[in-house]
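**Q** Below is a structure I'd like to ask you about.
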Amino acid sequence: ILFTAISLTNVIAQEKSKKQIKEEQKLEKQKQIELLVNSKEFIFETTRVMPQSGRSINLTTNYIAEFHPELIKADLPFFGRAYSGIGYGGSDAGIKFDGKPTVYSIEKKKKNYVIKADVRGESDSYSLILSVYFEGSATLSVNSNNRSSISYDGDIKEFKKNNDVEN
């Protein structure tokens with residue numbers, strides 16, 4: 001009986017330590033995400049797109065949006081209705097812009113961070129809302145003047161700076 005009690009206590013202690021390790025890893029990931037969001041420099045990498053029509057599309061190619069305090073750059077696929085000023089086919093097949101945000105705000109909520117940004121592209125204005133969850137997953141909603149709304153699921157990752165050659 002004593003041996004069984006000691007064995008059972010040992011198993012419970014091991015299980016508790018596994019839970020503690022998992023919780024510590026979760027807290028470390030949350031700290032990394034918080035640092036990344038507060039730096040305002042990261043990449044949003046898409047895995048799925050959800051057009052306004054409601055049918056989600058899993059992506060096999062990596063599309064990204066780069067977030068920097070002075071520049072937001074995006075090359076994202078677009079599935080939906082285009083309004084005036086947008087041609088079909090040709091080079092304007094997706095949401096592409098490269099501009100300085102006129103609005104860039106970060107708000108911490110109970111379960112996520114909400115990053116809002118407004119950017120002017122060559123032929124359109126974009127309003128972005130990026131919801132970043134504490135474990136690193138994110139959802140980007142894009143509204144524009146010339147297209148229907150669209151959302152993307154993905155993850156945020158650290159922006160790697162090019163330090164190839166220093167003179």
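The values are calculated or read from the model by the stated rules, or taken from the named source; none is laboratory data. Small disclaimer: the values here were computed from a predicted structure and weren't measured. Here the Cβ is made from the backbone with ideal geometry for all residues, glycine too, and neighbour counts use every protein chain on show. Each accessible area value is taken on the protein alone, full model and side chains, heavy atoms only, with ligands, DNA and RNA left out. Shrake-Rupley method; radii C 1.70, N 1.55, O 1.52, S 1.80 Å.
**Q** List pairs: first in region 134-155 and touching a residue at least 40 places away in the same chain (Cβ under 8 Å) and within 18 Å of Y83 (Cβ to Cβ), second assigned to a loop (DSSP other than H, G, I, E, B) and open to solvent by 30 Å² or more (accessible area, probe 1.4 Å), Cβ under 6 Å, 6+ apart or cross-chain?
**A** From residues that are touching a residue at least 40 places away in the same chain (Cβ under 8 Å) and within 18 Å of Y83 (Cβ to Cβ), the pairs are N146/Y83; N146/G85; S148/Q52; S148/G80; S148/R81; S149/Q52; I150/G80.
**Q** Another question, then. Only one residue in G94, G90 is within 30 Å of N146 (Cα to Cα), modelled with pLDDT under 90 and open to solvent by 40 Å² or more (accessible area, probe 1.4 Å). Which one? Spell out the reasoning first.
**A** Values: G94 fails: open to solvent by 40 Å² or more (accessible area, probe 1.4 Å).
Of G94, G90, the one residue that is within 30 Å of N146 (Cα to Cα), modelled with pLDDT under 90 and open to solvent by 40 Å² or more (accessible area, probe 1.4 Å) is G90.
**Q** May I pose another question? Take the conditions among the charged types (D, E, K, R) and modelled with pLDDT of 90 or more and apply them to E122. Does it pass? Steps first, please.
**A** On the way: among the charged types (D, E, K, R): yes; modelled with pLDDT of 90 or more: no.
It is false that E122 is among the charged types (D, E, K, R) and modelled with pLDDT of 90 or more.
**Q** Output yes when any residue across region 142-154 is outside any strand (DSSP E or B), closer than 25 Å to E34 by Cα, modelled with pLDDT of 90 or more and not polar (S, T, N, Q), and no when none is. If you could, list the steps in order and put the result at the bottom.
**A** Residues of region 142-154 outside any strand (DSSP E or B): 145-146, 148-149.
From what's left, closer than 25 Å to E34 by Cα: none.
Looking through region 142-154, none of the residues is outside any strand (DSSP E or B), closer than 25 Å to E34 by Cα, modelled with pLDDT of 90 or more and not polar (S, T, N, Q).
**Q** On to the next question. Looking at region 103-122 only, could you name the residues that are within 20 Å of G136 (Cβ to Cβ) and in a strand (DSSP E or B)?
**A** Within region 103-122, I106, E107, K108, N112, Y113, V114, I115, K116, A117 meet the criteria.
**Q** Pull out all pairs, ordered by first then second residue, where Cβ-Cβ is under 7 Å, the residues are six or more apart or on different chains, the first lies in region 22-51 and is under 14 Å from P69 (Cα atoms), and the second is part of a helix (DSSP H, G or I).
**A** F42/L36
One line per residue, one yes/no per condition, for (1) outside any helix (DSSP H, G or I); (2) open to solvent by 70 Å² or more (accessible area, probe 1.4 Å); (3) in contact with a His (Cβ under 9 Å, 6 or more places away or on another chain); (4) closer than 14 Å to S137 by Cβ:
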residue: L36; (1), (2), (3), (4): no, no, no, yes
residue: E45; (1), (2), (3), (4): yes, no, no, yes
residue: R55; (1), (2), (3), (4): yes, yes, no, no
residue: T60; (1), (2), (3), (4): yes, yes, no, no
residue: L76; (1), (2), (3), (4): yes, no, no, no
